[in-house]
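Q: Let me give you the structure first, and then I'll get to my questions.
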Amino acid sequence: MKTPIKSFLAFVTVCLFAAAAWAAEASPAGTWKWTQQGRQGGQGSERAMKLELKDGKLTGKLLGWKMGDNDIPESDITGATFKDGVVAFTVTREFNGNTFTMKYSAKLEGDKLTGTIESPGRDGQTMKRDWAATRAK
C-alpha cells in the first residue's frame with residue numbers, strides 16, 4: 001500500500017520540478033515593444049524588436065523606426081544570450097558617419113523585459129537608462 005503512495009508522491013515531485021525549471025527558462029522569443037525616451041526628457045519614440053530562440057541560441061532584429069524626418073533602418077542584434085532568465089545583446093548602429101554600440105540587458109518575467117541600456121555618452125562617458133519592453137500579443 002505504501003509503494004503506490006510513494007510512487008505518486010515521487011511523480012508529483014518530478015512534475016513540480018519540471019514545471020519550475022520550464023517556468024524559470026521560459027522563452028524570450030516574440031515581438032517586443034517599448035517607448036524609448038527622447039534626449040533630455042524629449043518626446044519618446046516607439047521601438048520594437050523580434051527575438052528568436054532556437055536550439056539554445058538567441059537571435060533577433062531591432063526593427064526600424066522613424067525619428068523626426070529620419071527613417072532608422074532595421075539592425076541585427078549581436079552577441080545575444082539568454083541565461084538564468086536574463087536577455088542580453090548588443091546593437092551597433094551608424095549615425096552621421098559615427099559607429100556606436102548599445103548594450104541591452106533585461107530580466108524576463110512572463111511577457112515583460114525589464115533592465116538597462118548602456119550607450120556612449122558625451123566625452124567618453126557611458127550613458128545608462130532603464131528599459132522595459134512588453135511582448136506583443
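The values are calculated or read from the model by the stated rules, or taken from the named source; none is laboratory data. Just so we're clear, the structure is a prediction, and the values are computed from it rather than from any experiment. For neighbour counting, all protein chains shown are included, and Cβ atoms are generated from backbone atoms with ideal geometry for every residue, glycine included. These area figures cover heavy atoms from the full protein model, side chains too; ligands, DNA and RNA do not enter into them. Shrake-Rupley method; radii C 1.70, N 1.55, O 1.52, S 1.80 Å.
Q: Please specify each residue of the range 72-103 satisfying the condition of being of a type in the set (S, T, N, Q) and open to solvent by less than 90 Å² (accessible area, probe 1.4 Å).
A: Answer for the range 72-103, where residues must be of a type in the set (S, T, N, Q) and open to solvent by less than 90 Å² (accessible area, probe 1.4 Å): Ser75, Thr78, Thr81, Thr90, Thr92, Thr101.
Q: Kindly indicate whether Thr134 is β-branched (Val, Ile, Thr), in contact with a Pro (Cβ under 8 Å, 6 or more places away or on another chain) and touching a residue at least 12 places away in the same chain (Cβ under 8 Å).
A: In short, no.
Q: Residues in the range 92-117 that are modelled with pLDDT of 95 or more and touching a Ser or Thr at 6+ places or on another chain (Cβ under 9 Å): how many?
A: Summing the residues that are modelled with pLDDT of 95 or more and touching a Ser or Thr at 6+ places or on another chain (Cβ under 9 Å) in the range 92-117 gives 11.
Q: Let me spell it out: the conditions are (1) open to solvent by 50 Å² or more (accessible area, probe 1.4 Å); (2) in a strand (DSSP E or B), and Lys137 meets all of them except one. Which number is the exception?
A: If we test Lys137 against (1) open to solvent by 50 Å² or more (accessible area, probe 1.4 Å); (2) in a strand (DSSP E or B), just (2) comes out false.
Q: Quick one: which residue in Glu46, Glu52 is at negative phi, of a type outside the set (A, V, I, L, M), open to solvent by 80 Å² or more (accessible area, probe 1.4 Å) and at pLDDT 95 or above?
A: The conditions single out Glu52.
Q: Moving to a separate point now. Quick one: how many residues across the range 104-134 are hydroxyl-bearing (Ser, Thr, Tyr), within 18 Å of Thr35 (Cβ to Cβ) and open to solvent by 30 Å² or more (accessible area, probe 1.4 Å)?
A: Number satisfying all stated conditions: 3.
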